[in-house]
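Contents: one structure, followed by commentary.
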Amino acid sequence: MPLHDTIARVTDRIVARSQARRASYLDRMARAADEGPRRAHLTCGNQAHAYAAMGGDQDRLATGQQPNIGIVTAYNDMLSAHQPFERFPRLIKDAARAAGATAQVAGGVPAMCDGVTQGQVGMELSLFSRDVIALASGVALSHNTFDAAVYLGVCDKIVPGLIIAAATFGYIPAVFLPAGPMTSGLPNDEKSAVRQKFAAGEVGRDELMAAEMASYHGPGTCTFYGTANTNQMLMEFMGLHLPGASFVNPNTPLRDALTRAGATRATQITNLGNDYRPASQVLDEKAFVNGIVGLMATGGSTNLLIHLPAMARAAGVELELEDFAEISTATPLMAKVYPNGLADVNHFHAAGGLTYMIGELLDAGLLHDDTLTVMGDGLRDYVREPKLKHEEVVWEEADRGTRNDKILRPVSDPFQKTGGLADLNGNLGRAAMKVSAVKEELHVIEAPCRIFEDQKSVKDAFKRGEFTEDTVVVVRFQGPSANGMPELHSLTPTLAVLLDRGLKVALVTDGRMSGASGKVPSAIHLSPEAHFGGPIAKLRDGDVIRVDATAGTIDVKGVDLDTREAVQRDLTDNSHGIGRELFEVFRQNVGLASNGAAVVV
């Protein structure tokens with residue numbers, strides 16, 4: 001099947017836009033690769049320090065003739081998604097030894113849980129943790145003793161931060177090893193219903209706590225299709241996972257076998273052998289286009305609209321919001337996974353999952369098949385699914401039919417003809433809106449606005465009964481420079497209650513929503529942000545705002561914003577408490593949300 005015209009056109013535009021940056025990046029990577037194995041440039045004293053604790057592996061490391069794999073791990077046991085990584089280094093080391101190689105834990109990186117910090121002050125560090133992870137990975141790999149790296153990370157900012165590091169050290173191969181989702185607990189729609197009842201004052205905290213604990217109940221990623229699971233999809237579509245690895249549950253024989261197979265594969269694709277696959281060659285323009293197609297086809301997290309541009313820039317690739325929006329027009333929505341549907345990722349995987357989707361999209365000409373992956377040459381390898389035979393992984397051709405068309409549909413009969421992302425432009429600036437879970441009658445909202453400058457004020461107004469008519473809720477000074485761009489997901493139950501009461505309500509903000517944002521129409525990542533004097537800072541209560549996802553516009557009606565002064569807010573309180581004082585340099589140097597809100601690239 002020839003490549004779809006839209007995918008080809010967007011890819012060509014990205015290649016042209018990125019030409020200078022990409023050429024400079026590839027030149028740096030080529031020069032680094034030409035220097036040969038990293039350990040060859042260390043003195044005997046350097047090497048002795050690196051190998052001192054490696055026991056029986058010391059002699060093998062000292063010869064420098066076999067690959068040495070660096071493990072960068074985001075393990076902690078406060079994140080359910082990362083707790084399984086506690087066992088991975090031993091599995092990886094054993095697999096490396098069996099392949100005649102060695103592996104060392106190069107370093108750990110922080111990993112915070114947005115579920116814990118949601119609506120809390122700590123969330124103001126969340127987006128910047130991505131840059132800290134990239135920096136910490138840089139420290140880990142700076143010892144210059146590794147021929148490839150395996151990256152252990154799953155959740156929201158962790159994978160993007162690790163990708164930035166993998167691109168920066170792009171002269172060595174990178175294999176990402178996932179931990180998998182927790183088994184299904186309380187259905188996500190039931191959990192959401194209890195949250196809305198609590199927001200409305202209909203149930204108490206005991207019932208809310210019971211529902212939350214029944215939903216988040218074991219090791220693995222949360223089972224809704226938020227940012228963490230979108231990351232896992234992305235790694236598979238971009239060829240950095242082994243095929244079919246994303247959604248295998250933790251602590252199962254197949255999961256362990258995939259971990260060992262990933263480590264073995266890392267030993268096979270270094271510059272020491274004949275199948276060299278550096279990360280710089282995997283992370284090219286086509287791979288990022290494939291990732292965007294996957295994002296649209298699955299109805300993935302809006303957070304990736306920030307993360308993907310930052311990840312791409314680290315590899316010399318320049319992405320713009322227009323690329324996402326145009327790819328969305330050509331990509332059908334093939335999956336219904338909560339919050340876009342009732343199923344969770346385990347149900348999605350059982351229905352055929354990513355293996356089925358990749359095959360369908362390839363057959364429709366919506367993916368580049370000629371990308372380099374850690375597995376082989378082209379995404380056709382990812383139409384096979386892993387099976388466990390004699391404790392080893394083998395890949396077999398997958399059933400090409402969906403096993404549940406209420407969860408997963410073919411390209412020829414999708415849930416929606418487009419991916420459900422709107423690029424909004426108007427006199428308020430530029431924003432993004434995910435509409436895949438928003439009712440069609442709410443794709444256009446025109447109503448007077450109420451201005452707020454934090455989430456608590458919105459909730460307090462709701463409790464006072466102040467929302468009695470159609471309203472556009474504006475929450476400003478939530479951008480990366482103002483306070484680190486925290487997610488505003490804790491507003492979702494409140495605004496959902498208003499929708500259920502029959503009001504037309506939309507959110508407009510220069511902040512982020514959660515990767516699990518759903519039925520509330522939300523114009524997010526509005527740029528320029530209020531702290532930079534953007535138009536959102538000139539709005540007043542009662543101004544009529546039109547959010548039109550159909551036309552792709554976001555405007556204030558009947559107001560000449562040029563005649564108004566931008567409101568300024570004292571942000572002193574954002575600069576201290578819960579570690580915020582340590583991140584002042586990030587707030588002062590962060591880029592625009594439209595460019596990925598990046599600090600380190």
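Values in this text are rule-based calculations from the coordinates and carry no lab data. Note that the coordinates shown come from a computational prediction; the quantities given were computed from them, not determined experimentally. Backbone-built Cβ (ideal geometry, glycine too); neighbour counts: all protein chains shown.
Positive contributions from Lys and Arg (+1) and negative ones from Asp and Glu (-1), summed over other residues with Cβ under 13 Å from the Cβ of residue 570, come out at -2.
Restricting attention to region 410-546, close to 50% of DSSP beta bridges with both partner residues there are antiparallel.
Centre-to-centre, using Cα atoms only, region 85-112 and region 432-453 are separated by 46 Å. Taking Lys and Arg as +1 and Asp and Glu as -1, the other residues whose beta-carbon sits under 15 Å from that of residue 431 total -2. Under the simplified labelling scheme, the residue 24-residue 216 pair shows an inter-label distance of 4.1 nm, with each label point 7 Å from Cα along Cα→Cβ.
I'd like to compare 13-25, 89-101: which one has the highest average count of other Cβ atoms within 10 Å, and what's the full order after that? Walk me through the intermediate numbers first.
Details: 13-25: 15.6, 89-101: 18.7.
Order by mean packing, descending: 89-101, 13-25.
Candidates 542, 426, 503 compared by Cα position along the dipole of region 421-595: farthest toward the positive end lies 503, with charges placed on Cβ.
Per residue, how big is the convex hull of region 544-601 when only Cα atoms are used? Give it in Å³. The partial results should precede the final answer.
Working: hull volume 9.5 nm³, N = 58.
It is 164 Å³ per residue.
Compared with the alpha-carbon gap, the fully stretched path from residue 575 to residue 503 is longer by 22.3 nm at 0.36 nm per residue. Once the Kirkwood radius over Cα pairs is known for region 421-595, the Stokes-Einstein relation at 25 °C and 0.890 mPa s delivers a diffusion coefficient of 152 µm²/s.
Extension gain, residue 46 to residue 463: 0.36 nm times the residue separation minus the Cα-Cα distance gives 143.8 nm.
Qualifying GluC sites (Glu not before Pro) in region 444-479, where qualification requires a DSSP coil assignment and no more than 15 other C-beta atoms within 10 Å, comprise 466, 469. Sparse packing (at most 13 other Cβ atoms within 10 Å of the Cβ) combined with a DSSP loop state is found for the following trypsin sites (Lys or Arg not before Pro) in region 420-487: 439, 464.
Please compute the volume of the convex hull spanned by the alpha-carbon atoms of region 360-440 and report it per residue in Å³.
Hull volume over Cα atoms, normalised by residue count, gives 181 Å³.
Go ahead and run the numbers for FRET between residue 470 and residue 440, Cβ-Cβ distance against an R0 of 25 Å, rounding to 0.05.
Values: r = 17 Å, r/R0 = 0.67.
The formula returns an efficiency of 0.90 here.
Assuming R0 = 35 Å, can you tell me the calculated FRET efficiency for the pair residue 563 and residue 15, based on Cβ-Cβ distance, to the nearest 0.05? Could the numbers behind the result be given before it?
Numbers: r = 43 Å, r/R0 = 1.22.
The computed FRET efficiency comes out at 0.25.
For the chain, the direction-averaged projected area of the alpha-carbon convex hull comes to 26.2 nm². Taking label points 7 Å from Cα along the Cα-to-Cβ direction, residue 77 and residue 32 give a separation of 3.5 nm.
Counting charges near residue 128 (Lys, Arg +1; Asp, Glu -1) among other residues having Cβ under 12 Å from its Cβ returns a value of +1. Of the GluC sites (Glu not before Pro) found in region 481-584, the ones in coil according to DSSP and having at most 15 other Cβ atoms within 10 Å of their Cβ are 565.
Here the gap between residue 396 and residue 412, fully extended at 0.36 nm per residue and compared with their Cα-Cα distance, gives a gain of 3.3 nm.
Exceeding 21 Å between C-alpha atoms, which entries from my cross-link table qualify? They are 93/286; 197/504; 459/504; 434/504.
93/286
Pull up the DSSP beta bridges for the chain and report the antiparallel fraction as a percent, rounded to 5.
On the way: 27 of 56 bridges.
For the chain, the DSSP antiparallel bridge percentage is about 50.
Annotation for region 187-225 versus region 472-535: alpha-carbon center distance of 22 Å.
What is the calculated FRET efficiency for residue 190 to residue 58, with r their C-beta to C-beta distance and R₀ = 41 Å, to the nearest 0.05?
Details: r = 55 Å, r/R0 = 1.33.
In this case the efficiency is close to 0.15.
Which value in deg cm²/dmol, rounded to the nearest 500, describes the helix-derived mean residue ellipticity at 222 nm for the chain, given -39,500 (n - 2.57) per DSSP H run of n ≥ 4 and division by the residue count? Mean residue ellipticity, 222 nm, calculated: -11000 deg cm²/dmol. Distance from the Cα centroid of region 367-430 to that of region 329-344 is 12 Å (rounded to whole angstrom).
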